[in-house]
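The values are calculated or read from the model by the stated rules, or taken from the named source; none is laboratory data. It should be emphasised that the depicted structure is a prediction, and the values quoted were computed from it without experimental measurement. Positions of Cβ are generated from backbone atoms using ideal geometry, with glycine treated the same way; all protein chains shown enter the neighbour counts.
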Amino acid sequence: MSARVLVAMSGGVDSSVAAALLREAGYEVVGVAMRLAPEPGHSAGRRATCCSHEDFEDARRVAERLDFPFYVVDLREDFAARVIGNFVSEYLAGRTPNPCVMCNREIKFDRLWRRARALGADFVATGHYAQTERDLGGRFHLLRARDGTKDQSYFLFSLTQAELARTLFPLGAITKAEVRVRARQLGLANADKPESQEICFVPDGDYAGLVERATSRDRIRPGRIVDRAGTALGAHRGVHHFTVGQRRGLGFASSEPMYVREIHGETGTVVVGRREELYCAGLLARDVSLVDASRTVGRLEVEVKTRYRQNSVPAVLALGAERRAEVRFLTRGPAATPGQACVFYRGEEVLGGGFIERALEA
Amino acid sequence: MRIYLDHNSGSTLRPEAIAALNALLLEGEGNPAAVHRAGQRARRALEQARSEVAALVAASPSEIIFTSGGTESNNFAIAGALGALSTRRKVITSAIEHSSILAPLVNLENRGFEVVRIAPDPEGRISPEAIAGAIDETTALVTLGLANGEVGTIQDLGEIARRAASAGALFHLDAAQAAGRIPLEVDALGCALMTLSAHKLGAPAGSGALFIRDDCQVAPMLLGGPQENARRAGTPNLLGAVAFGAAAQAAVRALPLEAARLGALTQSLFSLLAAQIPGLVCNGPPKDRIPNTLNLTFPGVLGESMLIALDLEGIQVSMGSACAAGAVEPSHVLLAMGRSAREARSSLRLSLGWNTTAQEVARAAETIIRVWRRVSESEPAAAREALS
């Protein structure tokens, strides 16, 4: 009997082709669409979210066309507790969370895996662009996708050996263009569907509004906007309106463009500076994990990526106690945004990563 | 071989229904209202079907109006009763009715009507005294499911019919899940209106009937031509009606033995499961239930996982009702019976039917036990709640 694999399907072209490739490779494919956002999207004609009925129907049509079973599974409670809850508390603390990283770690490769086992599946597969490899010693490696422009390994840094062993990324070795060609060959109706860009549970992009609806008033932290010298430039209605590097919506006039440099969640103070003042020498990371936890701790020369849409830069990584690490850029690096993931690479391989706690000045 | 244990959603087509459909398709349908001979033939087929459906509940054929199914019949009963008794503003029902009763009543409530919903006891029984006690001179309609489709409880009607009659209110029974499963006689039940559904009996979905007692005035809901004795406009669904008639006839013929056979199979299924699944709970009363229905709360697992895992193993069951996106929602019936949301989410409905065999029941029990063990080990529902 062939191995059963649970494929997380969004209704998009990537996960659809992932399912098709697994089916061709002889796996027994079971497709699932996850109901995650608190309310199913009722947005007529709008296709930017991952949980709307139309998206489920797209996934269902693919499953019918390729003749494998498909189900909608309700993981809203887990998603609210483990992803949205974290998103809200991070913003309230003055940090900028990355819910996709959290969703992968908490939902797709943990919660969904338990569901997969309950359904008698041996693997979970997704349409992520990333590669896994098993070496001769039996260790698993996480690698960037062959299609560098689509590489999503950044979102997957927290995967452990056990998780990689039961995870399949069928799109790791092909390009997005090839995926679209395959989708057309297979006659999939979503072959030319645009990619989702927004965070799935905030389809209107109003993060601050979501935070305010999900929290009590006394947790909102308003405060002052100051420059690096401490001069007051204005006031704001809550730190959750800001992210490091933000230029628009600061609410005061200035002769030159000013950017958010620091956000102090406890005091509510937002510090702004000129563009060149955003650059930093390195960062401190927390909640750090390595793909291969048996790797010797110490100083490592790595390339580090501090935002998904940024190139990695050379740095020295020093792992510390309590899952903390210090990252020193070889040259002054781009803004480090607390709450975002920082991911350590060596060449094509993801060594691990963590979440940015703060930037290092020098 | 896949095993189908979801007959309360829609039963397997009976061979008698298929044969009747085939014969009619070969003959050519025709419009029963037409004067020509094709029309006459169609009319004959329709009237024969009407007699067969009438016999299902010991009604006279003139009291049977064909509809598009249980939902239309329920909507029709409500709209028809309120249309006929237009000065009365009160409707009495229960909290465990089908959505095609509950939704129109919410609509009426929003328009200023008074809706009384009697809560069930923990086994799904509605107190006939509570219903009868709520009836007064302002009551237009009492509407009640005779047998609940999710837990199988058969309601004791007590004095409801008599009390409704003396107050001048109409009494409607939704018998979609009872017809063909227990003997029904409209006179003995004392209802003025009764909903019947074809696909619960082994005919295709999209066909049903509303029994309207001969002495009872109701306003039509669909307006147009004079079909169905000017009570339901539109060319009737002849294929649906004929298949309904054939399935009803087959169900009536089989009923005495079939009820005992299904009761024994259902009991055996529960015993096999309960012996291996500690803490398994059967929802609904120990007796006074339709013989084919089991609603079970499985300890420590999510019903959704059980449902999907069982489907992958070839056992088809159901849980609550599916939402528009195809996900399952916890049953409002179990919640009304006082079960917690978690218990409702851990519950499945298994409903047997005319073609369920003892071998299937044995194999289903074995699979369900195996799947329950796997699901409860892999995805314990309690650990999941501890996280949130």
What do you reckon, is B:ILE78 crowded, with 22+ Cβ neighbours inside 10 Å, under 20 Å from B:THR139 (Cα atoms) and not assigned by TED's automatic domain parsing to the domain that holds B:ASP311?
yes
If we ask which residues in segment B:229-256 are more than 14 Å from B:LEU56 (Cβ to Cβ) and either at pLDDT 95 or above or part of a loop (DSSP other than H, G, I, E, B) (or both), their number turns out to be 11
Can you tell me which residue in segment B:1-20 is surrounded by the most Cβ atoms within 10 Å (Cβ to Cβ), limited to those that are touching a strand residue (DSSP E or B) at 6+ places or on another chain (Cβ under 9 Å) and among the hydrophobic types (A, V, I, L, M, F, W, C)?
B:LEU5
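Under the condition of being within 11 Å of chain A (Cβ to nearest Cβ) and buried (at least 19 other Cβ atoms within 10 Å of the Cβ), which residue from segment B:356-373 is farthest from B:ALA275 (Cα to Cα)? Step through it out loud before you land on a result.
Initial filter on segment B:356-373 (within 11 Å of chain A (Cβ to nearest Cβ)): B:370-373.
In the following step, the residues that additionally are buried (at least 19 other Cβ atoms within 10 Å of the Cβ) were identified as B:371-372.
Working: B:VAL371: 15, B:TRP372: 13 Å.
By that ranking, first place goes to B:VAL371.
From the residues in segment A:59-75 that are in a loop (DSSP other than H, G, I, E, B) and within 11 Å of another protein chain (Cβ to nearest Cβ), which one is farthest from B:VAL328 (Cα to Cα)? Let's see the steps before the verdict.
Of the residues in segment A:59-75, the ones in a loop (DSSP other than H, G, I, E, B) are A:67-69, A:75.
Add one more test, that the residue is within 11 Å of another protein chain (Cβ to nearest Cβ), and what stays is A:68-69, A:75.
On the way: A:PHE68: 20, A:PRO69: 16, A:LEU75: 11 Å.
The extreme case among them is A:PHE68.
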So B:ALA264 passes all but one of these: (1) within 20 Å of the chain's Cα centre (by Cα); (2) among the hydrophobic types (A, V, I, L, M, F, W, C); (3) surrounded by fewer than 22 Cβ atoms within 10 Å (Cβ to Cβ). Which condition number does it fail?
(1)
Qualifying positions in segment B:192-228 - touching a helix residue (DSSP H, G or I) at 6+ places or on another chain (Cβ under 7 Å) and on the phi > 0 side of the Ramachandran plot
B:GLY202, B:GLY206
Of the residues in segment A:79-104, how many are surrounded by 22 or more Cβ atoms within 10 Å (Cβ to Cβ) and within 14 Å of chain B (Cβ to nearest Cβ)?
4
With criteria (1) in contact with a Pro (Cβ under 8 Å, 6 or more places away or on another chain); (2) more than 28 Å from B:MET1 (Cβ to Cβ); (3) in the same structural domain as B:ALA381 (by TED's automatic domain parsing); (4) not aliphatic (A, V, I, L, M), B:GLY284 comes up short on (1)
Quick check on A:ALA145: is it among the hydrophobic types (A, V, I, L, M, F, W, C) and assigned by TED's automatic domain parsing to the domain that holds A:THR175?
no
Condition first: surrounded by fewer than 21 Cβ atoms within 10 Å (Cβ to Cβ), assigned to a loop (DSSP other than H, G, I, E, B) and within 19 Å of the chain's Cα centre (by Cα). Can you find one or more residues in segment A:311-332 that meet it?
yes
Given the options B:ARG117, B:ARG50, B:ARG43, name the one that is of a type outside the set (Asp, Glu), in a helix (DSSP H, G or I), buried (at least 17 other Cβ atoms within 10 Å of the Cβ) and without any contact (Cβ under 8 Å) to a residue 40 or more places away in the chain.
B:ARG43
If I filter segment A:1-58 down to residues being part of a loop (DSSP other than H, G, I, E, B) and touching a His at 6+ places or on another chain (Cβ under 9 Å), which single residue comes out as modelled with the highest pLDDT?
A:SER52
Within segment B:165-182, track down each residue that is touching a residue at least 24 places away in the same chain (Cβ under 8 Å) and surrounded by fewer than 24 Cβ atoms within 10 Å (Cβ to Cβ).
B:ALA165, B:ALA167, B:GLY168, B:ILE182
Let me confirm something: among B:ALA34, B:ALA103, which residue is free of Cβ contacts under 8 Å to residues at least 12 places away in the same chain, more than 23 Å from B:VAL252 (Cβ to Cβ), assigned to a loop (DSSP other than H, G, I, E, B) and of a type outside the set (Val, Ile, Thr)?
B:ALA34
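Scan segment B:79-88 and tell me whether some residue there is under 16 Å from B:LEU193 (Cβ atoms), in a loop (DSSP other than H, G, I, E, B), at pLDDT below 95 and not β-branched (Val, Ile, Thr).
Taking segment B:79-88 first, the residues under 16 Å from B:LEU193 (Cβ atoms) are B:79-85, B:88.
Next cut, in a loop (DSSP other than H, G, I, E, B) only: B:85, B:88.
Now narrow it down to the ones that are at pLDDT below 95: B:85.
The next check asks that each one be not β-branched (Val, Ile, Thr); those that pass are B:85.
There is at least one residue in segment B:79-88 that is under 16 Å from B:LEU193 (Cβ atoms), in a loop (DSSP other than H, G, I, E, B), at pLDDT below 95 and not β-branched (Val, Ile, Thr).
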Please indicate, with yes or no, whether at least one residue in segment A:286-299 is polar (S, T, N, Q), modelled with pLDDT under 90, farther than 14 Å from A:ALA359 by Cα and under 25 Å from the mean Cα position of the chain (by Cα).
yes
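If you check A:ALA293 against the conditions, is it of a type in the set (A, V, I, L, M) and touching a residue at least 12 places away in the same chain (Cβ under 8 Å)?
Details: of a type in the set (A, V, I, L, M): yes; touching a residue at least 12 places away in the same chain (Cβ under 8 Å): yes.
So A:ALA293 fits the description; yes.
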So A:LEU119 clears everything in (1) within 11 Å of chain B (Cβ to nearest Cβ); (2) out of contact with any Leu (no Cβ under 7 Å at 6 or more places or on another chain); (3) in contact (Cβ under 8 Å) with a residue 24 or more places away in the chain; (4) buried (at least 21 other Cβ atoms within 10 Å of the Cβ) except one condition, right? Which one?
(2)
Of the numbered conditions (1) over 19 Å from the mean Cα position of the chain (by Cα); (2) surrounded by 15 or more Cβ atoms within 10 Å (Cβ to Cβ), B:ILE96 fails exactly one; give the number of that condition.
(1)
In this structure, is A:PHE344 assigned to a strand (DSSP E or B), among the hydrophobic types (A, V, I, L, M, F, W, C) and under 20 Å from A:ALA130 (Cα atoms)?
yes
Given (1) farther than 22 Å from A:GLY249 by Cα; (2) in a loop (DSSP other than H, G, I, E, B); (3) of a type outside the set (D, E, K, R), A:GLN197 misses just (1)
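Answer yes or no as to whether B:ALA23 is assigned to a helix (DSSP H, G or I) and surrounded by 16 or more Cβ atoms within 10 Å (Cβ to Cβ).
Numbers: assigned to a helix (DSSP H, G or I): yes; surrounded by 16 or more Cβ atoms within 10 Å (Cβ to Cβ): no.
Judged against the criteria, B:ALA23 is not a match.
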Among B:GLY303, B:GLY320, B:GLY284, which is under 21 Å from B:ALA95 (Cβ atoms), within 14 Å of chain A (Cβ to nearest Cβ) and either free of Cβ contacts under 8 Å to residues at least 24 places away in the same chain or under 19 Å from the mean Cα position of the chain (by Cα) (or both)?
B:GLY320
For segment B:230-261, which positions are of a type in the set (D, E, K, R) and touching a strand residue (DSSP E or B) at 6+ places or on another chain (Cβ under 7 Å)?
B:ARG231, B:ARG232
